[in-house]
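Visitor: Before I ask anything, let me first share the structure, which is written out below as structure tokens.
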Amino acid sequence: MEKICNVLVARPSAPDLILDLLVADRGMLTAQAICRAGALMGIGETTIRVGLTRLASEGKIARSERGSYVLDRTGAPLARAVDGWYQRGSQTIPWRQDWLAVHDTDVPRADKTAWRRHGLALSLRGFAALQPGLHIRPDNLKGGLAVERDQLGGLGLSARAMVFRLSDLDDASQAAARKLWNVRLLTAEYQRLQSGLQRSEKRLRTAPLEVAIRESLLLGRAVIAHLIRDPLLPAELMSPAPRAALLALMRRYQDQARKLWHEWLDQPW
């Protein structure tokens with residue numbers, strides 16, 4: 001881990017870096033360009049090429065023209081979730097005080113990989129545990145229950161789990177449900193990331209190009225990771241203003257970083 005503009009960031013693995021690059025570029029990149037970025041991050045060419053092959057076999061990226069790759073936006077749900085970070089602010093609808101719920105006491109824990117995927121699906125979709133085996137989130141996402149079932153299943157939720165709508169909670173349970181998310185911590189994290197992006201924006205204007213590229217890649221992935229894990233709570237539980245401000249700033253930051261990235265790629269090796 002290292003600190004960039006008061007934000008702790010981790011150096012990505014080869015597959016993560018490849019996905020980050022394709023998400024940030026929003027276009028097609030050659031294997032040569034990806035390997036060049038890998039070298040900048042201290043990742044060897046062989047490791048990058050193994051990562052390309054693995055991601056292609058998993059349906060997360062697609063090979064288009066000879067030696068070029070693009071994010072497969074019809075493929076793996078997790079890759080689509082990362083790619084859709086910039087739309088996070090438009091995925092909610094007014095909340096009617098109902099909840100979406102997942103009951104998973106019958107889900108076997110013996111397969112650790114499957115159990116981790118199950119937990120990741122719940123986390124990425126903003127669910128929190130109301131009781132052991134009962135996870136809920138506000139029913140305020142576009143598409144409602146049907147779409148949520150598809151999203152959870154695609155992300156790895158166990159087929160043994162029950163997904164349903166939960167209504168008419170008693171007053172005590174409703175009050176407990178509304179307190180499941182640490183809104184103060186979420187808000188503080190948004191403000192910290194926004195401050196980090198603002199500092200980095202200024203640094204990118206004067207830093208050496210390779211330094212600016214590396215910083216923008218590391219910081220950008222940290223911010224996107226936070227955005228895709230945001231539970232998208234309704235305004236009744238958390239003000240949407242911090243999320244909207246960070247989204248707007250991150251879009252601007254990515255535009256600036258993309259220009260620097262292409263400027264760097266255009267330079268001779």
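Visitor: Take A257 and tell me if it is in a helix (DSSP H, G or I) and open to solvent by 30 Å² or more (accessible area, probe 1.4 Å).
Guide: Details: in a helix (DSSP H, G or I): yes; open to solvent by 30 Å² or more (accessible area, probe 1.4 Å): no.
Taking the combined requirement at face value, the residue does not satisfy it.
Visitor: Considering only residues that are assigned to a loop (DSSP other than H, G, I, E, B) and open to solvent by 40 Å² or more (accessible area, probe 1.4 Å), which ones fall in segment 211-254?
Guide: Once the filter is applied, which keeps residues that are assigned to a loop (DSSP other than H, G, I, E, B) and open to solvent by 40 Å² or more (accessible area, probe 1.4 Å), segment 211-254 yields R229, A235, E236, S239, P240.
Visitor: Would you confirm, using the coordinates I've provided, whether S158 is modelled with pLDDT under 95 and hydroxyl-bearing (S, T, Y)? Before you say what the answer is, go through the steps one by one.
Guide: Numbers: modelled with pLDDT under 95: no; hydroxyl-bearing (S, T, Y): yes.
So S158 does not fit the description; no.
Visitor: Given the conditions (1) within 20 Å of A257 (Cβ to Cβ); (2) at pLDDT 90 or above; (3) part of a helix (DSSP H, G or I); (4) not charged (D, E, K, R), report the number of the one that V50 does not fulfil.
Guide: Only one criterion in (1) within 20 Å of A257 (Cβ to Cβ); (2) at pLDDT 90 or above; (3) part of a helix (DSSP H, G or I); (4) not charged (D, E, K, R) is unmet by V50, namely (1).
Visitor: How about segment 156-207: which of its residues are of a type in the set (D, E) and open to solvent by less than 90 Å² (accessible area, probe 1.4 Å)?
Guide: The initial filter retains those residues of segment 156-207 that are of a type in the set (D, E), namely 168, 170-171, 189, 201.
Selection gives D170, E189, E201.
Visitor: Please go through segment 134-148 and pick out each residue that is within 19 Å of the chain's Cα centre (by Cα) and under 25 Å from A114 (Cβ atoms).
Guide: Those that are within 19 Å of the chain's Cα centre (by Cα) and under 25 Å from A114 (Cβ atoms): R137, L141, V147, E148.
Visitor: Let me ask something else. Only one of (1) touching a Lys or Arg at 6+ places or on another chain (Cβ under 9 Å); (2) without any contact (Cβ under 8 Å) to a residue 12 or more places away in the chain fails for L186. Which number is that?
Guide: (2)
Visitor: Among the residues of segment 83-117, write down those that are touching a helix residue (DSSP H, G or I) at 6+ places or on another chain (Cβ under 9 Å), assigned to a helix (DSSP H, G or I) and open to solvent by less than 70 Å² (accessible area, probe 1.4 Å).
Guide: Across segment 83-117, the qualifying residues are D83, G84, W85, Y86, R88, G89.
Visitor: State which residue is least open to solvent (accessible area, probe 1.4 Å) when the search covers only segment 37-64 and only residues that are of a type in the set (S, T, N, Q) and over 27 Å from L209 (Cα atoms). If you could, list the steps in order and put the result at the bottom.
Guide: Residues of segment 37-64 of a type in the set (S, T, N, Q): 46-47, 53, 57, 64.
From what is left, the residues that are over 27 Å from L209 (Cα atoms) are 53, 57, 64.
Numbers: T53: 95, S57: 96, S64: 57 Å².
Within segment 37-64, the match that is least open to solvent (accessible area, probe 1.4 Å) is S64.
Visitor: Return only the number of the condition from (1) within 20 Å of H262 (Cβ to Cβ); (2) assigned to a helix (DSSP H, G or I); (3) open to solvent by less than 50 Å² (accessible area, probe 1.4 Å); (4) without any contact (Cβ under 8 Å) to a residue 60 or more places away in the chain that A33 does not satisfy.
Guide: Only one criterion in (1) within 20 Å of H262 (Cβ to Cβ); (2) assigned to a helix (DSSP H, G or I); (3) open to solvent by less than 50 Å² (accessible area, probe 1.4 Å); (4) without any contact (Cβ under 8 Å) to a residue 60 or more places away in the chain is unmet by A33, namely (4).
The values are calculated or read from the model by the stated rules, or taken from the named source; none is laboratory data. Computed from a prediction, not measured in an experiment: that's the story for all the values here. We place every Cβ from the backbone using ideal geometry, glycine too, and count neighbours over all the protein chains shown. Heavy atoms of the whole protein, side chains included, go into the accessibility calculation; ligands, DNA and RNA do not. Shrake-Rupley method; radii C 1.70, N 1.55, O 1.52, S 1.80 Å.
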